[in-house]
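Q: Here it is: the structure, laid out below.
The values are calculated or read from the model by the stated rules, or taken from the named source; none is laboratory data. What you see is a predicted model; the values in this text were computed from it and never measured. Because the Cβ atoms are built from the backbone with ideal geometry, glycine has one as well, and the counts that use them run over all protein chains shown.
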Amino acid sequence: MAMLILSFFSWWYGRGWQQVARGFGPRLRGVMNAFSVRQLLRTLFAPWRRIITYPGASLEDRFRAWGDNLFSRVIGLVVRLFVLFAAAVTLALVALLNAAELVIWPLLPVAIPGCIVAGLII
């Protein structure tokens with residue numbers, strides 16, 4: 001029984017803590033992939049939903065197409081900026097939670113008996 005407890009603490013404060021720390025990068029990459037941050041940055045000024053007006057023969061049609069295309073690009077920029085902002089907030093939250101996990105990890109084995117004692121006292 002003592003060897004089991006010793007091996008648990010050896011893993012908890014050794015490889016277990018390292019595994020928690022190594023999970024930091026994949027979680028952040030998962031958020032980046034979920035929001036498609038690279039593609040959003042690559043297409044930041046692209047027209048919204050590829051809505052493009054092709055210019056006609058007259059000068060008025062060309063200006064109308066230019067205005068429509070500019071409006072479509074502005075809408076695309078605004079929507080993509082909102083999604084990028086949401087991605088940044090989510091990345092910050094995930095990073096904060098990961099940092100908290102790294103700080104709390106070594107305290108958890110002590111917390112279990114502490115909670116039992118606190119429950120008996122209260």
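Q: Which of the numbered conditions does F82 fail, given that it passes all the others? Conditions: (1) part of a helix (DSSP H, G or I); (2) modelled with pLDDT under 95; (3) aromatic (F, W, Y).
A: (2)
Residue-by-condition table, conditions (1) surrounded by 11 or more Cβ atoms within 10 Å (Cβ to Cβ); (2) touching a residue at least 24 places away in the same chain (Cβ under 8 Å); (3) closer than 30 Å to V110 by Cβ; (4) not acidic (D, E):
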{"site": "L6", "(1), (2), (3), (4)": "no, no, yes, yes"}
{"site": "P47", "(1), (2), (3), (4)": "yes, yes, no, yes"}
{"site": "L59", "(1), (2), (3), (4)": "no, no, no, yes"}
{"site": "F63", "(1), (2), (3), (4)": "yes, no, no, yes"}
{"site": "W66", "(1), (2), (3), (4)": "yes, no, no, yes"}
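Q: Mind listing whichever residues of segment 16-41 are charged (D, E, K, R), farther than 17 Å from A99 by Cβ and surrounded by 11 or more Cβ atoms within 10 Å (Cβ to Cβ)?
A: Of segment 16-41, the ones charged (D, E, K, R) are 22, 27, 29, 38.
Filter once more, so that each one left must be farther than 17 Å from A99 by Cβ: 38.
Those that are charged (D, E, K, R), farther than 17 Å from A99 by Cβ and surrounded by 11 or more Cβ atoms within 10 Å (Cβ to Cβ): none in segment 16-41.
Q: To continue, here is another question. Mind checking which residues of segment 82-105 are farther than 20 Å from G25 by Cα and surrounded by 11 or more Cβ atoms within 10 Å (Cβ to Cβ)?
A: V83
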